[in-house]
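The values are calculated or read from the model by the stated rules, or taken from the named source; none is laboratory data. If you're wondering where the values come from, they're calculated on a predicted model, not measured in any experiment. Every residue, glycine among them, receives a Cβ derived from its backbone with ideal geometry; neighbour counts consider all protein chains shown. To get the accessible areas, we keep the full protein, side chains included, count just its heavy atoms, and leave off ligands, DNA and RNA. Shrake-Rupley method; radii C 1.70, N 1.55, O 1.52, S 1.80 Å.
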Amino acid sequence: MEKSIKITSIIMLGVIITVLILAVSLNGIFQGQSTTNTISTEGVSTVKAMPNLVSVYFNVETKAKTSENATKLNSDIVDELKSSLIAQGFDESRIQTQSFSVYPNYEWIGGKQVDKGFIATHSIKLEMSADESSKIGKAIDAGVSAGAGISYINFELSQEKQNEYKAEAMKLAAQDAKIKAQATASGLDKQIGDLVSVQISNFGYYPWNVYTSMDSSGRGSGDIALAKEAAMNINPSEQDVTASVTATF
């Protein structure tokens, strides 16, 4: 009786081991199929977008023996700049500080580093509707009269428009990836299955620059003349918003 029980136990143990081995083998086969029987395609799209904003970037740079004085001089010019722009009819909410910094001013004289005090720099952005581009000249005059320089002028998309065009570009890129996968599978007498994974490879949008200062101050007479000339000859056109998506089916 005891011998019969031992034999039965051995048999049962053998069956369990066999089932486990078979399960592991089948799992490996199915996993191999799921990773092998896939197709990855890259979808790309380009959407045309008309810029809806014009941005004028001002630069205010001041020098002084102490950081406090450099900052004070800078603040006075910035306040004057804002007052001048508001006086020209620009909304205060469209005047934004982009950056501010104060750092030591060293110059090399006779092969030696000489401490010349401190430099304070302030970057100010004036944003207006693209329909108001005729007012750029007034903005430049206001900046120059306050003692600011013109860094660059851009046609741009507002954040809301960027999100809108980004969504459209991504959608079209995803559709392109699926069409390519379906066409490839059809050529192999197959059909694509469910989506396994998707990766957003790239989204591209760059402001359209119409003027950039030739030097860091942007206050030279040549710079101002060029900025005004660029403002007078602006003819905005559609810009490309691109996207690419990699999908695996």
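Here are the numbers:
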{"item": "One residue from SER201, SER186, SER197 being open to solvent by 50 Å² or more (accessible area, probe 1.4 Å), under 15 Å from the mean Cα position of the chain (by Cα), farther than 30 Å from ALA139 by Cα and not hydrophobic (A, V, I, L, M, F, W, C)", "result": "SER201"}
{"item": "Some residue of region 228-239 being surrounded by 12 or more Cβ atoms within 10 Å (Cβ to Cβ), closer than 30 Å to VAL54 by Cβ, of a type outside the set (A, V, I, L, M, F, W, C) and modelled with pLDDT of 85 or more", "result": "yes"}
{"item": "Unmet criterion (only one of (1) open to solvent by less than 50 Å² (accessible area, probe 1.4 Å); (2) without any contact (Cβ under 8 Å) to a residue 24 or more places away in the chain; (3) acidic (Asp, Glu)) for ASP79", "result": "(1)"}
{"item": "Residue in region 31-54 that is surrounded by the most Cβ atoms within 10 Å (Cβ to Cβ), counting only those that are assigned to a loop (DSSP other than H, G, I, E, B) and at pLDDT 90 or above", "result": "PRO51"}
{"item": "Within region 173-192, tally of residues that are of a type outside the set (A, V, I, L, M, F, W, C) and without any contact (Cβ under 8 Å) to a residue 60 or more places away in the chain", "result": "6"}
{"item": "Matching option when the condition is assigned to a strand (DSSP E or B) and at pLDDT 95 or above, among VAL102, VAL114", "result": "VAL102"}
{"item": "Residue count, region 114-139 (criterion: open to solvent by less than 10 Å² (accessible area, probe 1.4 Å) and under 27 Å from the mean Cα position of the chain (by Cα))", "result": "5"}
{"item": "Contacts under 8 angstrom Cβ, first residue in region 110-129 being on the phi > 0 side of the Ramachandran plot, partner aliphatic (A, V, I, L, M) and open to solvent by less than 30 Å² (accessible area, probe 1.4 Å), 6 or more apart", "result": "GLY117/ALA64; GLY117/ALA70"}
{"item": "All positions within region 90-99 that are touching a helix residue (DSSP H, G or I) at 6+ places or on another chain (Cβ under 8 Å) and not in a strand (DSSP E or B)", "result": "PHE90, GLU92"}
